[in-house]
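Everything on this sheet refers to the single structure shown next.
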Amino acid sequence: MIEALDIQVKGIVQGVGFRPFVYRLAKKYLINGWVLNGIDGVSIHAEGESKLLDEFVLEISDSAPAASRVEEIELKEVPLQDFESFEIRFSDDTETEKTTLVSPDLATCDDCVRELFDPEDRRYRYPFINCTNCGPRFTIIDSLPYDRKSTSMRKFPMCPSCAHEYADPLDRRFHAQPDACFTCGPHLTWYVHENDDLSAQYLPVKVAHDRTESDGVLAEATAMLRAGKILAVKGLGGFHLACDAENAEAVAALRVRKRREGKAFAVMMADAAAVRRVCLVDEAEEALLASAARPIVLLRKRPGAAFVPGLADALPELGVMLPCTPVQHLLMHDFAQAGGTMLVMTSGNVHDNPIVTSDEEACRELSSIADGILGNDRDILTRFDDSVVRVISVGAAGEAVQFIRRARGYAPLPLPLASAVPGVPEVFATGPEQKNTFTLTRPGEAFVSQHIGDMENVETFDVWLATKQRYERLFDVAPQLVAADLHPEYLSSKWAHDQDLPVMGIQHHHAHAASILGEHGLEGPACAVTFDGTGYGPDGALWGGEVLLTNQVAFERFAQFSYVPMPGGAAAIKHPLRMAYGALWTFDLLDHPAAASAIEALGDEAAVCDAMIEEGLNCPMTSSVGRLFDAASALLGVCTSPKYEGEPAILLEAAMGLYADMDADELPAEGFDEGEKSHARIIQERYMVDIVKNVATEDSTAEETAVLLFDAGPVFKALLDDKEAGVDVGLIARRFHDAMAQAVYLAAELVRSMYDINLVTLSGGVFMNRYLIERVTADLELAGFTVGLNRELPPNDGSVSFGQAVVATARLAQEGAGEK
Ligand SMILES: [Zn+2]
Ligand SMILES: [Zn+2]
C-alpha cells in the first residue's frame, strides 16, 4: 500500500550532509517527495510502499551521517500528493534557517583520508580536502544561513569540477561549503627565517599553488621537524607549535621559547596502533581518539614506556590526539615515513596569550619561537583551542567521558536548558576569571562558548568580547540580563556592572552545583559537594571546600572546611609552602617535628607569613580543598614551587603511584602497630576530619554561615606523624586522598539523615583528580546515593558560566511564574 508521511528530524542535521543522505535513501527505498532544511531541523515528505517507508525511517535514524546528531524524529501520516520523484528543496526563508544549529568543526573523515592518499584521486595530497561529512564549520562561518558566501571560503570561487560535485545530490560533496581542490581552493603558505636564524626576518612567503609546490613545502617542513626544529602549523581553530616529541632538545627548546615551564605537552601520533605502543587505550578511549570531534585524550602511560624529559614528567597520563585536518594527516604521515613517531602539538601562543590564528599574527607573535611557519590562506574567523577529555570509571554508569576543556569539535553545540522556558528573558552569563567560558541562553537551550582561557590579560578579554558578539549574532540572541560571579575584582564582573542591563550576582560554587543540575535537568534539592580552587563567598572569604544544600534557584551552606589563612593571597597559590604554613598555624602544628623542613624551606618568609596571619594583613581566609592539597603537597616535599596552578595537587595524585590502584585493606600498614582493628580501619580513624558545629552570630545567614565545620587538623597531624615515622610518601598521599573522600562520604550521610536528600553532586576543580572522583562516586553509590557529575562540561571552572545561566533562568522563570 502506498502511504505518505511527513517526517521532522531534529538535532544537528544541517551542514552535515543530511539532505543528500536522505536523498540517497529515498532512491534506495523508491520513495518520492522532498527534503528541506526547515525551521526545526530537516523536514521530509515521503511517499512510498508502507514497508519501504518503515525501512526508510529506520535507516534515517540508524545510519545518519557521522557528524550529525539526530535528537528526535517526528512522524505524521498525511494525504498522498502523488509525487513522481524525490527532490532536495531549498529554503529561501533566511529567518527560518537562523534558528537552526551550526555544526562544530569536524575531523577529516575516512573517505577523505582515503582520497588524500590515493595517487589516482584528483585531490591526492591536497591539504584542504573535505566533504559534507567533514572539514571546517564554525571556525569559518561569518553569518547564517550557512553557505559558502557567508564563510571565509567566499574568496575561493569553485572550479567547474568542484562546482559539479557541489551541485550533484548523489555526490558526497553535495553542498559541502568548504569544498575545494588544488585548482580553486586554499593553499599552504611557508615562512622560514633568513639564514635559519631565529632573530632574522622571514624570507618572502612561499605559496604552494599546486601539488608539486605543496609537497615541496611539506618535505621541507618534515625535514625541519626531523632535525629538531620547531614549526608553527595552522589548524582549524588556530596555530599549533610542533616539534619531534622524541627529541629532548627540541622539547626543551620549545619550553624555553614558549615560556611554558611545567604544563605537560600533548602529542599527535599517526593512528591508534602507534598510540597503543606507549599508552593504555581501551575501547571508549579509542572511540574518542577517532571521533569527529578529535579531542586530545588523556591516556594512561603504558608501564615501561619511555618518554623524553620535559614532555609530561611525573604524570601518569599523556595527552594524545590523532590527526584532525588534512594538513596534520599529511605532516604526520610524512613525518612517520621519515622515521618519526610522535609530534608535540601544543597551542600556538606565547605564555598565556590567546592562540594565534592568522599568518600575519604568526609571523609577528611566533617568530621567536618557530623556525618555520606552515600557514595557509583560508582565514580562521574564530579561535578554538583543542578540546581535552579523559575516560573515567564512575560507579554503576561505568565508563564516562570527563571534559577537561571543551572547545574544538564540541562548541557551539547547545546544551538543553529546561529552565529557559519561553518568555524567560535571554541571559548572558559571563563565566569566571579562569578557564573562562561564557553562556548565552535561548528558550530551551544554552550556548556554552568554547574555552576562552584565563581572563587576567587584556588580549583574552578582547577575545571574550569578540566571541560573545559573534555568538549573539549567529544564534540571534539578545540578552536582557547579565549573570556574573560575585567576585568584585573579576574583569568580567566589572564589565557586567558597566552594561545597561540588570546584573544578577551568582555565587561561584552555587554555579558549579547548578551546572550539574542543569545538565541533567534536575531541579534539586541536592547535597552539592564543591571542592575547588577558590571562589568568592558572600562572607568575603574564598570558598572551595563547601557542602551546599542546593537547588537551581538558591543554596544554603551546610558545611565548609574550616578557614585557613592564605598568607599573601594569590602569592600563596604560587608558593604552596605559604599555604602549608597557614595550615600548620591553623591546626596548631607549627612545632611538629615533621613540619620543620617545610618551615626551614620558607626561610625568612616564615616570619612574614606569621606576621601577615597574626595581623590579618593581605591574608584572605579560605575553605578551599584545592589549597589543602597544595599545603599537603608542599609539606610532603612533593611540590614546593609549582609552575602552574593546580600542579601541587596533580603531583600529589601522581605520587600515589601504584598505591592508587590498591584496595584499602591491601595497603601496607606502615607507621603504626597493628592492634585489634584492621589497619585499614585504624588509618581511616587517624585520617578523619573533625566535624564540629559552627557558631552562628546575629548577622549569620543560611547562605554564608555553615551549620558544620570540617576541621582538617587531625588529617594534617596524621600526615605529619606518618612523615616523621618514615612512611612512604606515596602511601601518605593515598591516605590523604582517602581522608578527603571520607569527608565527602560523611557529609553526604549527614545531609541524608537530616534532610532526606539522596542526590549528591560532585563539582569543582578538585574533582579533576581521577582517583578522587572515581573513589568517591563508587563509595557513594555503594551506600545507595545517586551521584550527579558533569557530563558535557568540565567539573572545573569551564562549567561555571552554564551554572550561572541555570541559576539565572531558574530564578527568572520562578519570578515569572510568581507574577502570573
Ligand atoms: Zn570528508
Ligand atoms: Zn576545485
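Quick notes
- Residue among LEU812, LEU762, LEU793, LEU772 that is of a type in the set (A, V, I, L, M, F, W, C) and either free of Cβ contacts under 8 Å to residues at least 40 places away in the same chain or open to solvent by 10 Å² or more (accessible area, probe 1.4 Å) (or both): LEU812
- Scanning the stretch 144-178 for residues that are in contact with a strand residue (DSSP E or B) (Cβ under 9 Å, 6 or more places away or on another chain) and more than 16 Å from ligand 2 (Cβ to nearest atom) yields a count of 4.
- All positions within the stretch 436-456 that are open to solvent by less than 10 Å² (accessible area, probe 1.4 Å) and among the hydrophobic types (A, V, I, L, M, F, W, C): PHE438, LEU440, ALA446, PHE447, VAL448, MET455
- Criterion applied to ALA733, ALA748, ALA741, ALA725 was being touching a strand residue (DSSP E or B) at 6+ places or on another chain (Cβ under 9 Å) and among the small types (Gly, Ala, Ser), and the one residue passing it is ALA748.
- VAL78 being open to solvent by 20 Å² or more (accessible area, probe 1.4 Å) and among the β-branched types (Val, Ile, Thr): yes
- Residues satisfying the stated conditions in the stretch 74-126, i.e. within 16 Å of ligand 2 (Cβ to nearest atom) and at pLDDT below 95: none
- Hits in the stretch 153-176 - residues which are more than 16 Å from ligand 1 (Cβ to nearest atom), open to solvent by less than 50 Å² (accessible area, probe 1.4 Å) and under 20 Å from VAL22 (Cα atoms): PRO169
- The stretch 136-152: number of residues that are in contact with a helix residue (DSSP H, G or I) (Cβ under 8 Å, 6 or more places away or on another chain) and within 15 Å of ligand 1 (Cβ to nearest atom): 0
- Pairs where the first residue, in the stretch 134-161, is more than 15 Å from ILE380 (Cα to Cα) and the second is within 16 Å of ligand 2 (Cβ to nearest atom) and of a type in the set (Lys, Arg), C-beta under 9 Å, 6+ apart: MET158/ARG148; SER161/ARG122
- Exactly one residue among GLU472, GLU433 is in a helix (DSSP H, G or I), open to solvent by 10 Å² or more (accessible area, probe 1.4 Å) and either of a type in the set (Phe, Trp, Tyr) or touching a residue at least 12 places away in the same chain (Cβ under 8 Å) (or both), and that residue is GLU472.
- Residue within the stretch 365-379 that is assigned to a helix (DSSP H, G or I) and over 18 Å from the mean Cα position of the chain (by Cα) present: yes
- Within the set THR139, THR108, the sole residue that is in a helix (DSSP H, G or I), surrounded by 23 or more Cβ atoms within 10 Å (Cβ to Cβ) and of a type in the set (S, T, N, Q) turns out to be THR139.
- Residue in the stretch 488-501 that is touching a Leu at 6+ places or on another chain (Cβ under 9 Å), modelled with pLDDT of 95 or more, more than 19 Å from ASP756 (Cα to Cα) and assigned to a loop (DSSP other than H, G, I, E, B) present: yes
- Checking each residue in the stretch 632-656 for being over 16 Å from MET579 (Cα atoms) and at pLDDT below 95 picks out no residue at all.
- Matching residues, the stretch 453-469, being without any contact (Cβ under 8 Å) to a residue 40 or more places away in the chain and either in a loop (DSSP other than H, G, I, E, B) or under 16 Å from the mean Cα position of the chain (by Cα) (or both): MET455
- So LEU198, is it over 24 Å from HIS329 (Cβ atoms), away from ligand 2 (no atom under 16 Å from the Cβ) and in contact with a helix residue (DSSP H, G or I) (Cβ under 7 Å, 6 or more places away or on another chain): no
- Qualifying residue in the stretch 301-316 (condition: at pLDDT 95 or above, touching a strand residue (DSSP E or B) at 6+ places or on another chain (Cβ under 6 Å) and open to solvent by less than 10 Å² (accessible area, probe 1.4 Å)): no
- Taking the numbered list (1) closer than 30 Å to PRO323 by Cβ; (2) open to solvent by 10 Å² or more (accessible area, probe 1.4 Å) in turn, ALA407 passes all entries but (2).
- Verdict on ALA264 being open to solvent by 30 Å² or more (accessible area, probe 1.4 Å), among the aliphatic types (A, V, I, L, M) and in contact with a Leu (Cβ under 8 Å, 6 or more places away or on another chain): yes
The values are calculated or read from the model by the stated rules, or taken from the named source; none is laboratory data. Predicted model only: the values in this text are computed from it and were never measured. Backbone-built Cβ (ideal geometry, glycine too); neighbour counts: all protein chains shown. Note: areas computed on protein heavy atoms with side chains; ligands, DNA, RNA excluded. Shrake-Rupley method; radii C 1.70, N 1.55, O 1.52, S 1.80 Å.
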